[in-house]
Amino acid sequence: MTDVSRDEYMAVAASREIRDGDTAFIGTGLPMVAAYLAKATHAPRVNLVFESGIIDPQPVDLATGVGDYRLVHGSTKVAGTFYALSLLQQAKVDIGFLGTAEIDPYGNLNSTVIGPYDRPRVRLPGSGGANDIASMAKRFVVIARLDRKRFVEKVQYLTTPGFLTGPGAREAAGLPGAGPVRVISDRAILGFDPASRRMRVERLYPGATLAEVQEHIAFPIDAAPTLEIEPEPDLHLLRLLRDVIDPDGVYVGRDER
Amino acid sequence: MAQTPSKLVSLAEAAQSVASGASLTAGGFAHSHQPLAFTRELVRQGRSQLTLMSVAECWVAEFLAAAGMLEKVYFSNFMFEGYGRCQRFSKAVEAGTIAVEDHSHFGMVSRLMAAGLGLPFMPILAVSGFEPAAHKAKRLDSPFGNGVVTAVSPLKPDVAVIHAARADRLGNVQLFGTTSVIEEQARTAAQVIVTVEEIVETDVIRRQPELTLLPALMVDMVVHVPYGAHPTGVYGYYDHDAPHLADYYAASRSETDTAAWLDRWVHGLPDHFAYLDTLTISRLLRLRVDPALGYLHEVRHD
């Protein structure tokens, strides 16, 4: 079926990373859609937490951001930023989702600057909760479109730790969380080799090829021992995405295939 | 019983307590409860070389940057949700006119909290100083032999500016909805200025003390500023003004358009009530939230 957009593949893949009963730290955009989708399907008991201080909402409208009052609706607690983030330090958060301007083979992220720190060519928004989530959530997932400028050999600024320099580096740095488990892109789902901690290609979306994925990544990347093809999402999931969760296509585009 | 003096002052008077060269911290998160009437008044009065010790008060930072009033900014994330990065702030950093120091949200709140609790540092687990700088974060062995922590140094702003829902004249402050970093900021700052939608009698506060975010002993000045967060929103009162934010965002792509925008909405108006008059009452009333939902149902993403 050529009717499924890349964004829809990404949203479905991201939602699958959430397990029922997880406490999930959610940011604006695709992670929000993925979290709503998980909650509406396989993970009804997921507990959503937002860095604005909102805990376990039952939103009826899609929020424009994590500070949006649409997210307060039906929540079980509203608090402040310190409260929400302290849950990470308490190891109460199972999974977090992060976007990024740059990512390296070990899943380290840069959302701070392009160019020198003191006089950057582009000043980006900064860590926010990203460093906290990546350091302390039990696991985290990166959502990033493939681009040779984004998937780079070395990040220009280490905003957010992935596996740092490779095996054992997170442990040596004293980071409590296990690190990145998945990178969900617009052509494939990537993961990390358990031994080398380097990024690898695990699943291709229908129509995508390994060569095409490698072409859009500026560092050498191999396929996992078994390279799978992502199945087309069930019609039920697509209907939820298109008719209920994001009917205006705010975060999940319909066109790009 | 002795008469407790009222802390009510005018917006102009409150803004006068921020001198050039002072350090500020401000409440708010994303498009919610940012003290923007206060920020506009400060811009109208004109200041220079301010320092901002901030977490997510992106609109305060953006307007102060647009007016060329910032020298140094400690922060963790400035992003206009649904629009993009803060243009004037980012451009000033790129041009080297604003110096910055980055933190994670938790690292930054912990630095404010350290000063707020009167501590020489705060221990946290995340390695917050990702570009390790000795003055802001250091790894430290626990004196009890049970682990290693990151110690972050205290940050103490001169003034905290908060916008909340309601307060009495004594400075007991209540806010519904999320509370951003207000509790930590109010503990930390040497002086706390609170602008509110409504002034209520102390009896109203005492009837629901569980809603009180800051008791009077934490607050130095109270200013009655209805729609004081506009164009951001206040939970339970009004939603953010999406078209107005979008207008600013479009203008902020160019320095000239930003200056024209500031002339129209800040310098060209004598005070906050003239600002509200210019917005028109119908526009303001259309922003009132649906009491059952807590937000404005019709506003979609733009």
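Values as computed for the structure displayed
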| quantity | calculated |
| --- | --- |
| Among A:LEU109, A:LEU87, A:LEU204, residue whose mean-square fluctuation peaks in a GNM of chain A (springs only between Cα atoms under 10 Å) | A:LEU87 |
| Peptide-level mean, for B:23-33, of C-beta atoms on other protein chains within 10 Å | 3 |
| Mean Cβ neighbour count within 10 Å, used as a protection proxy, ranking B:85-96, B:266-277 highest first | B:85-96, B:266-277 |
| Net charge of Cβ neighbours under 10 Å - reference B:LEU214; Lys, Arg +1; Asp, Glu -1 | 0 |
| Surrounding net charge for A:GLY162, when Lys and Arg each add one and Asp and Glu each subtract one, Cβ distance under 15 Å | +3 |
| Chain A - mean residue ellipticity at 222 nm from DSSP helices (-39,500 (n - 2.57) per run, n ≥ 4, rounded to 500) | -5500 deg cm²/dmol |
| Stokes-Einstein translational diffusion, the protein assembly as shown - Kirkwood Rh over all Cα pairs, 1.002 mPa s, 20 °C, in µm²/s | 89 |
| Compactness of segment A:111-257 - radius of gyration and Dmax, Cα, Å | 17.0, 50 |
| Residue of A:ALA11, A:ALA137, A:ALA43 that the Gaussian network model of chain A assigns the largest fluctuation, springs spanning Cα pairs under 10 Å | A:ALA43 |
| Reachable lysines from A:LYS154, criterion Cα separation under 28 angstrom, eight or more residues apart if same chain | A:LYS138, B:LYS91, B:LYS136, B:LYS138 |
| For B:TYR238, distant residues with modelled amide H under 5 Å away | B:VAL289 |
| Rounded to whole Hz, the Karplus (6.51, -1.76, 1.60) HN-Hα couplings of segment B:103-111, x for glycine and proline | 9, 7, 3, 5, x, 5, 4, 5, 5 |
| Space enclosed by the convex hull of the alpha-carbon atoms of chain B, per residue, Å³ | 153 |
| Relative contact order [Cα under 8 Å, 6+ residues apart], chain B, whole percent | 20 |
| Peptide B:73-81, shielding by other chains (average Cβ, 10 Å cutoff) | 5 |
| Beta bridge orientation in the protein assembly as shown: antiparallel %, DSSP, nearest 5 | 45 |
| Mean Cβ count within 10 Å, highest first, over the residues of peptides B:240-246, B:204-210 | B:240-246, B:204-210 |
| DSSP-defined beta bridges in segment B:1-149 - what % are antiparallel, rounded to 5 | 35 |
| Where trypsin sites (Lys or Arg not before Pro) fall in DSSP loop in segment A:1-59, at most 10 other Cβ within 10 Å | A:ARG45 |
| Phi to ³J(HN,Hα) by Karplus 6.51 cos²θ - 1.76 cosθ + 1.60 over segment A:207-217, Hz, x for Gly, Pro | x, 7, 10, 4, 4, 5, 5, 4, 5, 8, 10 |
| Largest-first principal axis extents of the Cα set of segment A:6-245 (Å) | 46, 44, 34 |
| For B:177-190, mean number of other protein chain Cβ atoms within 10 Å | 4 |
| Of all DSSP beta bridges in segment A:6-245, antiparallel share, percent nearest 5 | 45 |
| GNM flexibility winner over chain A from A:GLY99, A:GLY107, A:GLY53 (Cα, springs under 10 Å) | A:GLY53 |
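Quick note: the coordinates plus some simple rules give every number you see, no bench work behind them. For clarity, every value in this text was computed on a predicted model and none was experimentally measured. Positions of Cβ are generated from backbone atoms using ideal geometry, with glycine treated the same way; all protein chains shown enter the neighbour counts.
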